[in-house]
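The values are calculated or read from the model by the stated rules, or taken from the named source; none is laboratory data. Just so you know, these numbers come straight off a predicted model, no measurement behind them. So basically every Cβ, Gly included, is an ideal-geometry build from the backbone, and we count neighbours across all protein chains shown. Please note that ligands, DNA and RNA were not included when accessible areas were found on the heavy atoms of the full protein model with its side chains. Shrake-Rupley method; radii C 1.70, N 1.55, O 1.52, S 1.80 Å.
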Amino acid sequence: MKDSSHDEFREFVAMRSTALLKLAVLLTGGDRHAAEDLLQIALMKAYGRWARIEQPEAYIRQIMYRQQVSRWRLRRHRAETTVPVLPESETDADAGSDPELRIALWAALRQLSKRQRTVVVLRYFEDLPEGEVAALLGCPVGTVRSTAHRSLAKLRALVPELGPEQRAEQARSLSYTPKGIQG
């Protein structure tokens with residue numbers, strides 16, 4: 001790799017790694033170690049092709065989605081590590097969020113299956129259309145719709161505070177603004 005490409009890659013990682021790590025944490029269900037591994041794998045795969053990548057962030061996110069799908073398709077099952085309180089960095093702090101709701105939501109997200117959690121993250125955190133989510137996961141659009149519907153219903157059952165009137169609060173507690181959350 002040329003020095004200029006190497007420098008561009010380093011700058012990109014310095015500027016975007018925090019946002020990409022947040023996505024990885026969501027994709028892995030709050031497991032920070034697995035999230036760091038997921039991001040590291042994606043960055044390693046992108047590094048070798050860096051000079052040819054036109055949209056680096058989209059390319060790395062795509063690698064992360066596919067890598068996570070490959071992980072949960074593996075036959076071997078790794079036990080998830082649960083912690084009583086999720087670690088938060090200073091950049092994660094949201095003055096308007098309710099910490100109890102945030103903890104309850106994270107706990108509920110961890111109770112979703114890997115497929116359900118992946119659909120929720122791609123559909124509502126990444127705000128991808130159902131067709132793109134289906135293409136990434138290699139399944140029909142109807143499967144994405146039904147999985148999203150069941151996932152949201154399960155989240156609402158696990159955390160009753162997430163009813164229709166609390167959807168805006170849910171969005172703030174995850175530090176994003178979803179478009180078109182449907183029940």
Could you figure out which of (1) touching a helix residue (DSSP H, G or I) at 6+ places or on another chain (Cβ under 9 Å); (2) part of a helix (DSSP H, G or I) isn't true of H33?
(1)
Report every pair of residues separated by at least 6 positions or lying on different chains whose Cβ atoms are under 8 Å apart, first residue within segment 19-48 and at positive phi, second open to solvent by 20 Å² or more (accessible area, probe 1.4 Å) and charged (D, E, K, R).
G29/E80; G29/R110; G29/K114; G30/R110
For residues that are without any contact (Cβ under 8 Å) to a residue 40 or more places away in the chain, within 18 Å of I60 (Cβ to Cβ) and assigned to a loop (DSSP other than H, G, I, E, B), tally how many sit in segment 123-144.
1
